[in-house]
1. Out of (1) surrounded by 13 or more Cβ atoms within 10 Å (Cβ to Cβ); (2) over 20 Å from residue 149 (Cβ atoms), what's the single condition that is false for residue 30?
2. Determine if segment 129-139 includes at least one residue that is assigned to a strand (DSSP E or B) and either of a type in the set (A, V, I, L, M, F, W, C) or at pLDDT 90 or above (or both).
3. What are the residues in segment 17-73 that are assigned to a loop (DSSP other than H, G, I, E, B) and of a type in the set (Gly, Ala, Ser), if any?
4. With respect to the numbered conditions (1) in contact with a Leu (Cβ under 8 Å, 6 or more places away or on another chain); (2) surrounded by fewer than 20 Cβ atoms within 10 Å (Cβ to Cβ), which one is the sole condition not fulfilled by residue 60?
5. Run down 75, 22 and say which single residue is within 17 Å of residue 95 (Cβ to Cβ) and either modelled with pLDDT of 85 or more or touching a helix residue (DSSP H, G or I) at 6+ places or on another chain (Cβ under 6 Å) (or both).
6. Just checking, how many residues over segment 24-71 are among the small types (Gly, Ala, Ser) and over 19 Å from residue 174 (Cα atoms)?
Amino acid sequence: MPDTLTDLWATAVWLDSLQLPLHQSAVESLLSTPAASPHAPIKAETVIADQIAIEDEFRRAATQANGEPVTIGDLCCQVHLLGPGYSVGLAYGTGDWMGWCVLGSRGTPAESSSGMLSLHDPRAGCAGVDVPGSPWGRPLTIKAQAGIAVLFPGWLGYSITPVEPCHRLLLLTITVNPLPAERQP
């Protein structure tokens, strides 16, 4: 019998609060404008004051979540204004890592789950085992509150609960891809 236990279920998820460099007047203006639709893409430079600083934060997060330095090649930032009724069923990321940060929030939803992100482990058998930690067999849920940020592997499934009628969110999404092997140092 081996005298060591090997963790085969580890999934690196980084969760923290960030104070990002934003054009605060633009954030307030977007959140106070009545919603024309449940989802509106926003040009990143409209609200992000220093995109390089934001990219550096998520590079640091990827290294911290991974436990070792991550050589990042492509990092794509997008900003989304989410209004009443917006939701995402089960979806998967397009990069090796996916990031999510609530830049701002307006309104007081009746339910704390309004606009909440849930991460789901798609591996076979996850729902049938009791493994310490999350998201093994149960979703890891993250409330949509200003400043909260998460970085997770792109293979994890995610969903967003419906945004309530009185609630609006400004969301930054990040897709992180590694540097191709031929360009790595």
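The values are calculated or read from the model by the stated rules, or taken from the named source; none is laboratory data. All values derive from a computational prediction rather than experimental measurement. Please note: Cβ atoms are built from the backbone with ideal geometry, for glycine as well, and neighbour counts cover all protein chains shown.
1. (2)
2. Applying the first criterion (assigned to a strand (DSSP E or B)) to segment 129-139 yields none.
Taking every residue of segment 129-139 in turn, none turns out to be assigned to a strand (DSSP E or B) and either of a type in the set (A, V, I, L, M, F, W, C) or at pLDDT 90 or above (or both).
3. Selection gives 35, 36, 37, 49, 67.
4. Condition (1) is where residue 60 drops out.
5. Values: 22 fails: within 17 Å of residue 95 (Cβ to Cβ).
After ruling out the rest, the residue left standing is 75.
6. First pass over segment 24-71, keeping only residues among the small types (Gly, Ala, Ser): 25-26, 29, 32, 35-37, 40, 44, 49, 53, 61-62, 65, 67.
Now restrict to residues that are over 19 Å from residue 174 (Cα atoms): 25-26, 29, 32, 35-37, 67.
The total comes to 8.
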